[in-house]
1. Which distance in nm do the two modelled labels at ILE117 and ILE182 give, with both placed 7 Å along the Cα-to-Cβ direction?
2. Using a ≥ b ≥ c from the Cα gyration tensor of segment 28-74 (square roots of the eigenvalues), is it rounded, prolate or oblate, where a/c under 1.5 gives rounded and otherwise the larger of a/b and b/c decides, a/b for prolate?
3. Relative contact order, percent, of the chain when contacts are C-alpha pairs under 8 Å separated by at least 6 residues?
4. Around SER81, with a cut-off of 12 angstrom between Cβ atoms, what is the net charge of the other residues, counting Lys and Arg +1 and Asp and Glu -1?
5. For the pair LEU60/PHE92, report the inter-label distance in nm, with labels modelled 7 Å from Cα in the Cβ direction.
6. Can you bin segment 134-204 into rounded, prolate or oblate? Criterion: square roots of the alpha carbon gyration tensor eigenvalues sorted a ≥ b ≥ c, rounded for a/c under 1.5, prolate for a/b above b/c, oblate for the rest.
7. Among the helices of the chain (complete DSSP H runs), which have Cα atoms covering no less than 15 Å along the helix axis and a Kyte-Doolittle mean of at least 0.0?
8. Any idea what the relative contact order of segment 112-216 is, in percent, if you count C-alpha pairs under 8 Å spaced at least 6 apart?
Amino acid sequence: MNQAKIQRIIDSGVDFNIGDILAKAWEMFKSRAIFHFGFMVLVGAIQAGFTAYLKDFTFLYTIFLAPPLVCGFYLVANRQSQNEYLDFQNYFDGFKYWWDLVITNLISSLLVVFGVILLIIPGVYLLIGYLFSLLFVIFGGFDFWTSMELSRKLVHTNWLKFFLFGLALLALNIAGLLCFIIGIFITIPISYLAIYILFEELTIGAVEEVIDVQAE
């Protein structure tokens, strides 16, 4: 992924249709529903295990396991988008980027919390702004700070629209929670798929440029 090209995308500004993104995420989920649902159940079981039996160590899950597990959805979504072979073990490919993901997630989370403590609004701004941080790590190959800044700058070009996108995902998961709780095992994967789809659509130009150069 070409950083200069990403900067040009940022400079030109971005826009998107929230409904279209969610519709595409639903279609992507349906095409591999058993896989997505099954992995979400597994992640939920791990979280429940920490909560029930290792309550004092739940923070270890949040810091060291959650980032690569979450990115499993992104990496699988990428394979689906590229029509590549997909196996259940691909959900664990996030551990190939383990250290970078842990550092990026930890620092961005600390900055969000710090922002909330200060005046709340800065925390909300950063929470939305860092939406694509982990994706820039795994698909762009950037370090934690570059990934965080590229994400923030990209989101800043149309922050209100991204905020509404975040609210739409929140509403979706609340609806899933109200559907006898089990619905959240569907809505959470859809949310991650939607984030990936949005990221891909906004940055596809940068990826194509790299592919063209490599082909030459």
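Throughout, read-outs are computed from the coordinates displayed, never taken from laboratory work. If you're wondering where the values come from, they're calculated on a predicted model, not measured in any experiment. In this analysis, Cβ positions are derived from the backbone assuming ideal geometry, glycine residues included, and neighbour counts consider all displayed protein chains.
1. Rounded to a tenth, the inter-label distance reads 4.2 nm.
2. oblate
3. 32 percent
4. On the way: positive: LYS24, ARG32, ARG79; negative: GLU27, GLU84, GLU200, GLU201.
Net charge in that neighbourhood comes out at -1.
5. Each label point lies 7 Å from its Cα, and together they span 1.8 nm.
6. Working: a/c = 2.75, a/b = 1.87, b/c = 1.47.
Verdict is prolate for segment 134-204.
7. Helix filter hits for the chain: 18-31, 33-53, 66-81, 98-119, 159-178, 184-215.
8. On the way: 79 pairs, mean separation 18.4, N = 105.
Relative contact order comes out at 18 percent.
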